[in-house]
Amino acid sequence: MCRTPSVTTKNAELKEGDEWIEKFDINAFAADIHALGKKLEAEQGPADVKHLQRMVLWSNICAAVGLLTMGRSVNIFTIFALSTFTFSRWTMIAHHTCHGGYDKCHPDKNRWSRFKFAIGSLWRRMCDWFDWMMPEAWNVEHNNRHHYNLSEIHDPDLVEANLSFLRQVQIPLFLKYVIVFFFTMTWKWFYYAPNTYKELKLAKLRREGKSLPKGVAPEEQITIDMILFGKNPFYSATEFFGVVIGPYLVIHFFVVPLPLLAVEHYLGMEGLYKNALMNLALADVLTNMHAFLAIVTNHAGDDMYRFRDGCRPFSGSFYLRQVLASVDFSMGTDLVDFMHGWLNYQIEHHLWPNLSMLSYQKSAPLVRAICQKHNVPYVKENVFLRLKKTVDIMVGTSSMKWFPEKYEKLYLEKDAMALEAQKLKK
């Protein structure tokens with residue numbers, strides 16, 4: 001998937017729906033959000049650990065049900081269990097742990113820490129979070145690049161930019177929907193695993209002070225077809241399959257069900273291994289679709305804003321952008337939140353990436369109240385309605401909103417002034 005340059009438009013006047021911006025006090029809003037974040041962080045403790053353990057238990061139950069039944073027959077019950085285990089292990093357990101959500105409150109620092117969880121060896125990856133993506137690569141792409149460049153030009157997960165080729169290509173709309181449907185079933189291994197690994201390679205080049213190969217655009221998305229056809233300048237197909245997706249492909253789909261071959265031989269029960277392969281493959285399709293529904297829809301839609309320039313982390317502009325470029329879904333109970341992968345608190349998570357799942361559950365009504373106080377749009381909508389808005393962006397039948405350039409620059413100037421004032425106080 002290749003990006004094409006976006007054209008920014010001048011915003012001399014505020015458009016309909018943007019009137020709140022004119023009287024918005026960014027410093028007061030930032031102070032309220034910052035204070036709430038500090039309060040939530042201070043309140044984290046044993047309750048958050050206990051809640052994490054309960055969610056891990058639910059996820060493990062899904063794994064046990066799926067693994068113990070996958071040889072009997074190809075059925076939706078097994079497929080759903082296996083799919084939900086993979087989904088929850090990423091979106092809830094790995095996601096919040098890798099962000100540092102339990103660094104300060106969990107007693108087991110050797111595992112439940114962003115500096116330990118799923119990284120450092122294949123064994124840790126297998127035990128903690130085994131998926132198509134390499135955890136170290138995902139940590140760079142998501143935790144750093146996406147979170148601190150949200151809806152900016154350099155956001156690697158900006159749907160409108162990443163799908164610009166599909167938005168602009170002159171083909172029937174129906175075919176565009178077919179392409180999007182293919183993406184929903186394959187996106188983790190087709191796009192996300194290659195692209196997160198590219199971001200890891202880019203981070204290494206920056207760290208070593210090396211320049212990019214001539215003619216290489218760092219924002220260009222890397223997909224599996226580019227790797228197969230030798231069009232990827234960052235790493236070889238052999239490296240990608242050997243380090244990133246190969247271990248998961250071989251172990252998850254072929255090694256894990258191997259004991260069923262022994263059961264087939266000794267008990268004379270044919271087809272167990274084949275059934276397991278089919279269940280695992282179909283579960284992968286389903287978990288891709290489940291993850292697409294809960295993840296890709298978080299920051300796309302014609303009511304979501306885009307921005308031109310970067311901003312300082314945890315500044316007024318940063319806090320505002322997390323709200324204006326994110327959307328929450330239905331929420332409130334552990335079961336509802338579990339099925340959303342706890343991604344239904346996207347606004348709260350982007351405001352404070354290093355909090356626990358329980359903290360986001362507690363914070364949502366408080367964040368909404370702050371937004372109402374300052375007249376900041378707070379979008380909360382059913383995830384399936386957001387899917388429709390996301391697909392509209394992908395195929396080009398709608399577009400995201402550009403934040404007024406005049407006020408974007410004004411708020412960045414106020415951020416700089418606020419920072420100077422803080423330094424003078426110290």
Q. When residues of the range 308-349 are filtered for being part of a helix (DSSP H, G or I) and within 19 Å of CYS371 (Cα to Cα), how many remain?
A. 15
(Q) Taking the conditions exactly as written (open to solvent by less than 10 Å² (accessible area, probe 1.4 Å) and at positive phi), does ALA118 satisfy them or not? (A) yes
Q | Pair list, Cβ under 9 Å, 6 or more apart: the range 67-84 residue over 19 Å from LEU258 (Cβ atoms), other residue surrounded by 16 or more Cβ atoms within 10 Å (Cβ to Cβ) and of a type in the set (Ser, Thr, Tyr) | A | ASN75/THR69; PHE77/THR69; ALA81/THR69; SER83/THR287; THR84/SER59; THR84/THR287
Q. Quick one: how many residues across the range 394-406 are open to solvent by less than 30 Å² (accessible area, probe 1.4 Å), of a type outside the set (Ser, Thr, Tyr) and either under 22 Å from the mean Cα position of the chain (by Cα) or within 30 Å of VAL178 (Cα to Cα) (or both)?
A. 3
**Q.** Single match in LYS409, LYS425, LYS414 (criterion: without any contact (Cβ under 8 Å) to a residue 12 or more places away in the chain, open to solvent by 50 Å² or more (accessible area, probe 1.4 Å) and more than 20 Å from GLN346 (Cα to Cα))
**A.** LYS425
Q.
Of all residues being assigned to a loop (DSSP other than H, G, I, E, B) and among the hydrophobic types (A, V, I, L, M, F, W, C) in the range 10-48, which is farthest from ASN354 (Cα to Cα)? Just the residue, please.
A. ALA12
Q) Of these, LEU351, LEU335, which one is buried (at least 24 other Cβ atoms within 10 Å of the Cβ) and out of contact with any Asp or Glu (no Cβ under 6 Å at 6 or more places or on another chain)? A) LEU351
Q.
Condition first: surrounded by fewer than 12 Cβ atoms within 10 Å (Cβ to Cβ) and closer than 16 Å to PHE130 by Cα. Now tell me which residues in the range 243-278 satisfy that.
A. VAL255
Q | Qualifying positions in the range 224-238 - assigned to a helix (DSSP H, G or I), farther than 20 Å from ALA161 by Cα and open to solvent by 60 Å² or more (accessible area, probe 1.4 Å) | A | LEU228, THR238
Q. Do any helices (runs of 4 or more DSSP H) entirely within the range 154-223 hold 3 or more residues that are under 16 Å from the mean Cα position of the chain (by Cα), and if so, which?
A. 159-162, 173-187, 193-207
Q: Please enumerate the residues belonging to the range 362-393 that are assigned to a helix (DSSP H, G or I) and open to solvent by 60 Å² or more (accessible area, probe 1.4 Å).
A: LYS362, PRO365, LEU366, ARG368, GLN372, LYS373, PHE384, LEU385, LYS388
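The values are calculated or read from the model by the stated rules, or taken from the named source; none is laboratory data. Please read all numbers here as calculations on a predicted model, not as lab measurements. Because the Cβ atoms are built from the backbone with ideal geometry, glycine has one as well, and the counts that use them run over all protein chains shown. For the accessible areas, the whole protein counts, side chains as well, though only heavy atoms, and no ligand, DNA or RNA atoms are used. Shrake-Rupley method; radii C 1.70, N 1.55, O 1.52, S 1.80 Å.
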